[in-house]
């Protein structure tokens, strides 16, 4: 039984400053759906005063783990760590089969299984089966129909398969970077991976795709599976170390945030503790890296009104906010618009939009309302989950707006001069 | 415990959906922003109308249970911590601004409106609502009125009561009373409005509040002055006052607080600074320039090593936000922060700060002090760990001495947080008896059955609220009962 640290729990002095930024508290107005309320419930569970009740489990799952509360918390409470430990605590006590855990531990983290699943899905989309299936589904369950209809398209080819293991820049080499092609990113947004490589190469970096790389483990770590992430972390450390890269550039906010935590995750590992720490120090988010090392400014900019949506795992978990925003501002110039509540979760939150579709939809509606009010035609964001979620919302509402990763924006500007 | 028959009646009044009594909900309403003390209510209700609140009070009088009103639960004196045998009345969903009257410069609001949201709303049309408590991002206007909240702009602009023109309130009897209106002058009878403002939820439940607004100052300037010692910072405050300058804000932070705030806000403050002063002047542009220059000069002659002027509004906002984070940021040093708000006349500031530091040393406790230097409202904060009972005890003893000293210097035990549970004992001990007696008589008369937030501010004996966990002995006793969670939580 892994306990939740009493020191971490006591760090919360329940001042309530987290209430104003918590999306779930905003939805219910109830204290137990707030960070300090959940911490108080965890404390009571850990002290054995209340059991792991249905209400407790519900509250831990209702949380988006967006960590906006961590940004707001002057006391420095590590809420993300707390809620993730609480979910592990819950899962360890769960009796019976959990589809979510099955998918996470048996499919997502296994490259072969994930590919198989993706290939089946691609066939389903391309062969016309989807049209038939959606047609059958529509009269039966409007909800399922809506959900199925909005899935982003499966990539035609996985970047991991088609991109060379090493790509050299034309002129002088500034250094070597290794990239993670990811699971969600490669299944749905292989193009973003290609754009990432192109942009890095364009800026003088030799790009290596470590061949032994696996899923970063964040979806597991965020969903109550404490056992898988250390295994994946060790595999990735070995694979990335072999690349000899100076930096590990990650284009998915969720993966980057998690890989920056490898040092903490493996802190007690005799063999890997020191290596994990070094690994995490080399991890940089794509925008963070470009901003810090400098990049070639394209000769043209984005010619439509543009906003920047701050992915939770960038702004709150990695505290990377100014850098991507500065880049988007540079690329859009006078077309840049401020997005109201830019740091609010869009509802994607890993697999939250699948497991808790209704709650996620409310947050998506709020996000779309803010985007519409900004009159933007381009939404830039550095996370595949947000791209999918906001993309689905745009598609559903029939809006003339494009959701793009910063790498895609830059690559288009380099290649065609137009976004 | 409230019986099932009463719970059924509560469900009849509020509807099953708005009646909560699961253990999880009760735990989530067992605390507010106050350290150490917690206690679970029997149930929680979410009202949809004034009639329902009225009905609740009728039922409370019939069935003899306590009603504890609650906004966001950010109070620091235990005012919204449930007593025994109580129902929490949750007002945070009453969050509409009902009317903004630009002809009279007034606003009708519901009590659950968040203070900061209200401020931005009126500022967007060039108006200003000055009361600015440190918790403005989360606290409610209803809570502000109930506590007569102060905050960062007290010196020049006053506190919440200076902006309340009237309200609708449900009395403990269940009757609905209306006081005041859009008149700037009104002397019809006793000034009962001011009896209810700051009554800490013991005399009535605000359901609608009429607030006064003023035009937004044309410009403002914010600056930071860095000192080696708190003494020089206090001297600056006296010198600014003597120079007949009235800043909108004069806040100070001591070294431990600077360290904690810097660790959270990353403003680039020198963590070896002994003390710093945050000064804001506002008004017409020319006057602001003049005042700012004069303040800067005074800071330097009073011993400031450096004076930094915020370059724009965004930086000024950052500085003020950092100051507001002070209390919670101090929890980075030790997890439990026992914050008090002893207040003294401005001229006694240096004496009081000196006494606080000596007292902390004497009782071997860590203390971080910050506060509203301009109005003498200090926030000495004991840095401790609620799991270390001996240290908590020493902290309480130190505060007892600090309160006595404050009163001795012509000050008060609380400038803005209220008496609540935590300072009730000191109110009775340190204030003259007719004053305390009149409060008790007032409470007795308005709430004869002691059903509305009993045990807060003053205690009437015998009373129905039962034991309230505050004195050391009580805390120890409850600590021993920890094995039986239904009895008490700490």
Would you tally the residues in the stretch B:128-148 being in a loop (DSSP other than H, G, I, E, B), within 14 Å of chain A (Cβ to nearest Cβ) and under 15 Å from residue B:77 (Cβ atoms)?
-> 4
Out of the residues in the stretch B:357-388 that are within 12 Å of residue B:344 (Cα to Cα) and assigned to a helix (DSSP H, G or I), state the one that is nearest to the other protein chains (Cβ to nearest Cβ).
-> B:373
Output the number of the condition that residue A:340 fails; it satisfies all remaining conditions of (1) surrounded by fewer than 24 Cβ atoms within 10 Å (Cβ to Cβ); (2) in a helix (DSSP H, G or I); (3) in contact with a helix residue (DSSP H, G or I) (Cβ under 8 Å, 6 or more places away or on another chain).
-> (2)
Those residues of the stretch A:177-231 which are more than 22 Å from residue A:241 (Cβ to Cβ), assigned to a loop (DSSP other than H, G, I, E, B) and at pLDDT 95 or above, in sequence order | A:203, A:204
Go through the stretch A:343-360 and count every residue that is surrounded by fewer than 19 Cβ atoms within 10 Å (Cβ to Cβ), more than 17 Å from residue A:223 (Cα to Cα) and under 19 Å from the mean Cα position of the chain (by Cα).
-> 1
Could you identify the single residue in B:35, B:111 that is assigned to a loop (DSSP other than H, G, I, E, B), touching a strand residue (DSSP E or B) at 6+ places or on another chain (Cβ under 7 Å), farther than 30 Å from residue B:125 by Cα and touching a residue at least 40 places away in the same chain (Cβ under 8 Å)?
-> B:35
Screening B:183, B:162 for residues that are away from chain A (no Cβ under 14 Å), within 24 Å of residue B:215 (Cα to Cα) and outside any loop (DSSP other than H, G, I, E, B) leaves only B:162
Taking the stretch B:203-234 and the residues there that are buried (at least 19 other Cβ atoms within 10 Å of the Cβ) and out of contact with any strand residue (DSSP E or B) (no Cβ under 6 Å at 6 or more places or on another chain), the one that is farthest from residue B:168 (Cα to Cα) would be B:232
Filtered residues of the stretch A:371-393 (kept if under 22 Å from the mean Cα position of the chain (by Cα) and surrounded by fewer than 19 Cβ atoms within 10 Å (Cβ to Cβ)) | none
Can you name every residue in the stretch A:303-317 that is touching a strand residue (DSSP E or B) at 6+ places or on another chain (Cβ under 7 Å) and surrounded by 23 or more Cβ atoms within 10 Å (Cβ to Cβ)?
-> A:306, A:307, A:308, A:309, A:314
Give B:311, B:297 a once-over and let me know the one that is away from chain A (no Cβ under 14 Å), modelled with pLDDT under 95, more than 30 Å from residue B:74 (Cβ to Cβ) and not in a strand (DSSP E or B).
-> B:311
Could you tell me whether any residue of the stretch B:87-108 is out of contact with any helix residue (DSSP H, G or I) (no Cβ under 7 Å at 6 or more places or on another chain), free of Cβ contacts under 8 Å to residues at least 12 places away in the same chain, assigned to a strand (DSSP E or B) and on the phi < 0 side of the Ramachandran plot?
-> yes
Given the conditions (1) surrounded by fewer than 20 Cβ atoms within 10 Å (Cβ to Cβ); (2) more than 14 Å from every other protein chain (Cβ to nearest Cβ), which single one is not true for residue B:57?
-> (1)
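Can you name every residue in the stretch A:14-56 that is in a helix (DSSP H, G or I) and within 7 Å of chain B (Cβ to nearest Cβ)?
A:19, A:20, A:31, A:32, A:37, A:40, A:41, A:44, A:55, A:56
The values are calculated or read from the model by the stated rules, or taken from the named source; none is laboratory data. Worth saying up front: this structure is predicted, and the values here are computed from it rather than measured. No Cβ is skipped: glycine too gets one built from the backbone with ideal geometry, and neighbour counts run over all protein chains shown.
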